[in-house]
Each structure stands twice: as C-alpha cells, then as structure tokens.
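The values are calculated or read from the model by the stated rules, or taken from the named source; none is laboratory data. Computed from a predicted model, the values in this text were never measured in an experiment. Positions of Cβ are generated from backbone atoms using ideal geometry, with glycine treated the same way; all protein chains shown enter the neighbour counts. SASA here: full protein model, heavy atoms, side chains in, ligands and nucleic acids out. Shrake-Rupley method; radii C 1.70, N 1.55, O 1.52, S 1.80 Å.
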Amino acid sequence: MSQKIVSRIFIKTQKPSQLIGAIIGCFLGFFLIFIAAQLFADFKTMVNSQEQSIGSQFLVVNKQVSVLNSLKLGKSTFSKTEVDQLKSLPSVKRISEFTANQFEAVASMSIPNGESSAAFRTELFMESVGDDFLDVKPDDWYWELGNEMIPMILPTDFINLYNFNFAPGRGLPQLSKATIQLAVFDIDVRGAKGTAHFTGKIVGFSNRISSVLVPKSFMNYANSHYGNNQTAPESYRIIVEAKQQELPKIQQYFKDEGYETNEELLKNGKFGSLLQAILGILAVLGIVVMFVSVSSFILYVQLAISRSKYEIETILRQGYPHIKIVQWYSKQLALIFTIIAVVNLILVWGVKNITNAYLENFGFEAPAQLNIFVIAGGFLLIALLWIVQTLNVRSQIYSLALPNKK
Amino acid sequence: MDIEFNGIIPLPLAEFVTENSIWNSTFTFTQGNKYQIVAPSGKGKSTLVGLIAGTRGDFEGNLLFEGQNSRQFSPIRWSQWRANECSIVFQDLQLFPKLTVLQNLMLMSEIQQAHNNNTSPKNQTKETLFEWAKQLGIESKMDVLVGNLSFGQMQRVAILRALNRPFQWIVLDEPFSHLDTENAKIALDLITSIAASQNAGIIVTALDSRFSIEGFTPVNI
C-alpha cells in the first residue's frame, strides 16, 4: 500500500498525451545535439588522423615543370624573393622550404634466405623540412653528429603502392607498417668531399608529404660535408600552412604564379570545410531545438504541477511533507531523463554505424565507438536539466507548503 | 498544547474588527477544552480555521502554539503540526474525489509513514475505521468514489479522516451543515469521545446559535 495512494493522486491528474509530447520534444532536442556532437567528434578524429588540424591546411607547392626546365633554360626552384612573397601573403600562416640531398646516397640491404641471400640496392633521393610541418612525430625522429642511424619517414602512398600493387603482382608478402619499421638497412653516402657509411631505419609514415624525409640536422650536415655544391641550395618545393577559410584565395595566387600544389588535399580541405559548416549548422539547430524543447518541458512540468495544484495543496493540508512531493516528481523526472539519455545514445550509436559504413565507401575511417566526451557531455547535460527541473518543482511546491500571505 | 491569539487582525477583516471579539485581543484556547465559535457569515470563522491550519498567513499580530510563533514554522513543522498535532475538517472538506472513501481514509497512514520513516503509523486500524463508519452510517460507501457521494456523506468522510490520526486539537469548520440533527449528534459524540481519549481540545464553528452545543464554551468573533 505504501506510496500507492499518493502516487495515484498525482498520476490521475496528468494527461499522458501532453507528457508524451513533452518527452518526444525533449528527446528530439537532445538527439540533434548528441548526433551533431558525435559526428563532429568523428570528423575531427578522421581529420586529425590525416593530420590536418582544423582551421589550417598544409599544401606542398612546386613550380610547374615545362619544356624550358627540361632544356635547363627555366628555373624550377624558388628564389628568395618568391619565398618572401609567399611568406607575406595574409592567407599563409607559415612556410618551410624543402632541402634536397646534394650528394649521392645508396640504400642496400641483404636478406638472409637459407643458403643464398637476396639483396636490394637503390639510390635514394631524400628531403628534409621543418619538423613542425610533419603530420607524424615519431619518438626516434632526431639525428645528431656521431649518430650512425638515420631515421626516415616514408609517404604512406609508398607502402600502399607496395602492398596493393607491387607485392601481389610479384607474389611477395604484404608488409605491415610495424614490420617495415623493424628493418634496418645500409646507407652509403658519397659526394665531392668524401664518403661515409650510415644505417637507415623507417620510423614513420606521412600522409602529408610525398617524399623520403630525413631530419634537417642530418641533411644540413651531409650537404655541407659531402655535398657537390658550394652555395646553399634553393628549394624545389615548399610546404605552406594556409588558413582553411582562405584556401580559394591562395589557390588563385598559386594559379596566377604558375605553381602546382597537391590538388587532392585541397579538395579534401574544401570537403572538410563544407562538412564542418553542415555539422555547425546541425549543432546550432540542435541547440535551438533543445532550448525550445527544454523550455517546453519546463513549462510542461509547471503545467503538470498547476494541474495537480488542488491535490498537492490538499495533501499538504493533511500533513504530507512537501519534500516527499518534490522527491516524487524528482524521481519521475529522473526516470524520464534516464530513458531519454539511454535511448538517445543507442539511437546515436545506430545512426553513427550507418554513417560510418557510408564514410568507409569514401575511404574515411571513423572510430567505431561513441566518443567518451559526447557520452559524458550528454549525461552531464541531462543531469543538469534534471537538477534545474527538480529545483523548479521544489520552488513551486515550497510556495504551496507555506501559509498563503495574499 | 495551547493556542494563543495575540492581537491578531486578519487583513481582509481589518475594517470590520469590533470590540468584544477574538480579533485584536488576547485569547487562549486551552488544550482539552471544547470551544464553539459562533458568528454570522463574513465575520471570519473560516479565516480562524485557516490561521490555525496554517493555510493563511495574511494577518497582523501573533499566533502562538505553546508559546512558539507560527510565523517561524517551516514547511516541515507545518506538516508535522497537521499530521500529528492538529486535525482539521475544512468547510469545503478537501477530499480526493477520484479516490474511494477507504482510500481517502487510508491516505493518512501513508502520511504518517512519511513522517515516521515507514515505522509504526499511529493511525486507526481498518476495523476501527469500519466501526466508526458504521456509527456514522456510511459503512456501505467505503468502496465508493468520494466524488459520487452526497455532500452530507462527504462531511462524514472528512470527519473520519480527521479522526484517523493522533491529535491534540481537532478544528472543525461547519462540520454538520449538511447533516440532520440526529446524525450531527452521533458525529459530535464520536468526535468528543475520541478527543477526550487523547485529551485533545475541540474547536467547532457554527453559522448561528441555532446549534448551541452543550458543554462547549462559546467564543464570539
């Protein structure tokens, strides 16, 4: 019998249709917020995995190679003036010039294979660029004078080419990134001023830069000790960090100057801006809808209490403690909000799985799990709403529990 | 617990307060005694009940319960007052029309439990309630929704509900207005005997002196 009659008094005065309406409204508001936050988190993870920090875009720029270049009549390097001009563009955050090797470098490796041994041998062309412009930062990415081991970063495309193109065609085993990073090979350096022997090791893979990269410290040292040129070399390629919003401007500039850039990345950047904008709109819409639905839910609760005003006043006048009435409403609200939160999370998870599958078609890999901050944030938001609602109920019941002064 | 009126003037009655009245003077209701408030309508009988019940706060002066000022009562203190110390029958009865007679009566057990953390409610047993209902002639209505009863029947339900709790005072606002003399007498006897058994005081209001009750001290307002 306990609490049964009291509950019945409050429940009987409610209109289920209004309650369901209020719940659906509240649910939709939260759903929009949840899904926008989750998709935004996914998007950010995907973009970060491609190491394009939000708000900027890294572009590798070079001059178009024409017949003149082939005939050695035109220059395909960037002069100091051109570099300075690029630096001064308002849409450019910062730049770094690539330094290429001015010495011969040969990589070789012998693979023990039973009695015989297979070997590979290749000439290397290497570049270095400012560490701040790399999309990967491996721990062993440093070189100082006296180190025999040269860390290297390869383009991801390189291993993809090998694994999906070269290896299957030749019946060779595919190699994981981890396997490749285990290999140590010999590097022989030879230039006008002498020769030297080093070992090389792949320490990471870059999506941003299509080049074999070595630390700048090594490149500077080797160029000055073994290089064939006396003067500091001019760069063939430059990496530019541009402001995301100003991409069209800089694109136009490159076109006017006859520079080439990695167009595909630019497309990604545009796609990213668009997606970001859409998610932004969705989030704003979600906030508006949530604001409206939360206010309507607050109004619903006020309405529910004023609908039960006679019952509440009457039961208070029989000596029922007002705090128990607040607790009763608070418990019902907690139940409703918990259901809203849990169902929302399940639904967001479902929708996310669908979009994940869709994104996979385009080669994007979104995280499989819900973002922990989205879950925590969602529950926090709902807990906050519950507290606000309970305080709202409390103040209304409290005013009914004291003698009426009017 | 004595109830002391100390210079009380209800704000709506401020212009009409005359001498020789409970208003704007000092008057003490002593526990264990029986009082009948007699006055024509509009003189503040229900206001007096509302002050004691703690439903009205629109007055000047001080209302003291055993020396304690009612203005300092918290909502919890008021709920204890209403549940355990002072039982009220309001003129408009304040029953729950969508509950049955029995549910209206048993609600008091839940209220007691809410105060005593679910232990040993100090209410009457169901059997006693049925016995009292039988005396008042509404035994057959126990499972009927209160909304379907006549006003006279509802008055008896409200009286039973008021009796179904421990109290030091029972205050009844026009409790017999829709009862015939015989039923009113039965109800009054039941109230007096139960009040006496708890050494509780009784305050009854009545519209006019047609209903002067034997053994009750008349109080003019």
So, first residue more than 20 Å from A:Q327 (Cα to Cα) in region A:359-386, second residue at pLDDT 80 or above and assigned to a loop (DSSP other than H, G, I, E, B), Cβ within less than 9 Å, six or more apart or across chains; the pairs are A:G377/A:N371
Listed by first then second residue, the pairs whose first member lies in region A:342-354 and is closer than 16 Å to A:A41 by Cα, whose partner is open to solvent by less than 60 Å² (accessible area, probe 1.4 Å) and of a type in the set (F, W, Y), with beta carbons under 9 Å and at least 6 positions apart or on separate chains, are A:L345/A:F34; A:V348/A:F31; A:V348/A:F34; A:V351/A:F31
If you go through region A:134-145 one residue at a time, do you hit one that is over 28 Å from A:I95 (Cβ atoms), exposed (fewer than 13 other Cβ atoms within 10 Å of the Cβ) and not aromatic (F, W, Y)? no
Could you identify the single residue in A:L381, A:L359, A:L370, A:L402 that is modelled with pLDDT under 90, within 14 Å of chain B (Cβ to nearest Cβ) and surrounded by 13 or more Cβ atoms within 10 Å (Cβ to Cβ)? A:L402
Looking for something touching a residue at least 12 places away in the same chain (Cβ under 8 Å), open to solvent by 60 Å² or more (accessible area, probe 1.4 Å) and farther than 30 Å from B:G152 by Cα - is there at least one such residue anywhere in region B:38-61? yes
Show the residue pairs that are 6+ apart or on different chains and have beta-carbon atoms under 7 Å apart, the first residue being within region A:261-286 and open to solvent by less than 50 Å² (accessible area, probe 1.4 Å), the second being modelled with pLDDT under 75 and assigned to a helix (DSSP H, G or I). A:G269/A:Q244; A:G272/A:V47; A:S273/A:Q244
Criterion (of a type outside the set (D, E, K, R) and either touching a strand residue (DSSP E or B) at 6+ places or on another chain (Cβ under 6 Å) or open to solvent by less than 10 Å² (accessible area, probe 1.4 Å) (or both)) met by exactly one of B:Q155, B:Q198, B:Q168: B:Q155
Can you tell me which residues in region A:1-34 are aromatic (F, W, Y) and under 48 Å from the mean Cα position of the chain (by Cα)? A:F27, A:F30, A:F31, A:F34
